[in-house]
Amino acid sequence: MSRIEQLIDEIEEYIDSCKYQPLSSTKILVNKEELEELLVELRLRIPDEIKQYQKIISNQEAILNEARSQADTMVAEATAQTNELVNEHEIMQRAYAHANEVIEQANAQAQTIVDNAVTDANNIRQGAVQYTDDMLRSLQTIINHTMDGAKGRFDAFMTSMQSSYDIVSSNRNELAGGIVREEEPANGETPAEG
């Protein structure tokens, strides 16, 4: 198991261990610093693992070069055998036929090696891409959950602030009525009875 997978497991375990927000069965309370530490380490680890997969993919060239080298060696051996057997006409005919067989076999083997190397490299590349996509999907899910939690906390905060604002406004309106009644006698006028 890679360190990225371990970090994702740790984040999921941490989220599972968090307490639910009061009066909610979907929103949880998280320690921001602890979650941010796990996410920072996850971000730092992703490039290292991607580099490892890129190294594996870059080995594709080495495999292909080795296959080409083996093919060149086989062709060179076949050519050398042909040159040695050209002394007499009959021997030359047999050598020619044998050389063609060796060249065909060498080409077939070289093609098989190249095909296998390309297939292996494509499989490794596909695996690396799939693994990276899986990791990014998991990270996306975690970020989405974190954003949902933050939005819930923000909405609750805004509701609380609006309630406080409404109470303050109501109190000021009540006070405003009292201020008007107190100022009228100060102007020398008789306050209206009501």
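The values are calculated or read from the model by the stated rules, or taken from the named source; none is laboratory data. Bear in mind the structure is a predicted one, so any value in this text is a computation, not a measurement. Virtual Cβ from ideal backbone geometry, glycine too; neighbours counted across all protein chains shown. Please note that ligands, DNA and RNA were not included when accessible areas were found on the heavy atoms of the full protein model with its side chains. Shrake-Rupley method; radii C 1.70, N 1.55, O 1.52, S 1.80 Å.
Please tell me the relative contact order of the chain in percent, rounded to the nearest whole number, where contacts are Cα pairs under 8 Å and at least six residues apart. Across the chain, relative contact order equals 21 percent. Under 29 Å Cα to Cα from residue 151, which lysines show up? Leave out anything in the same chain fewer than 8 places away. Here the lysines satisfying the reach criterion relative to residue 151 are 19, 27, 32. The modelled label-to-label distance for the pair residue 107/residue 94, using points 7 Å beyond Cα in the direction of Cβ, is 2.5 nm. Of all segments of the chain bounded by GluC sites (Glu not before Pro) found in a DSSP loop with no more than 16 other C-beta atoms within 10 Å, the longest spans 89-188.
Per residue, how much accessible surface does the chain expose to a 1.4 Å probe? Answer in Å², no decimals. The partial results should precede the final answer.
Details: 14470 Å² over 194 residues.
That works out to 75 Å² for each residue.
For region 33-77, what class follows from the C-alpha gyration tensor (a ≥ b ≥ c being the square roots of its eigenvalues): rounded when a/c is under 1.5, otherwise prolate if a/b is larger than b/c, else oblate? Walk me through the numbers before you get to the answer.
On the way: a/c = 11.89, a/b = 10.77, b/c = 1.10.
It comes out prolate by the Cα gyration axes.
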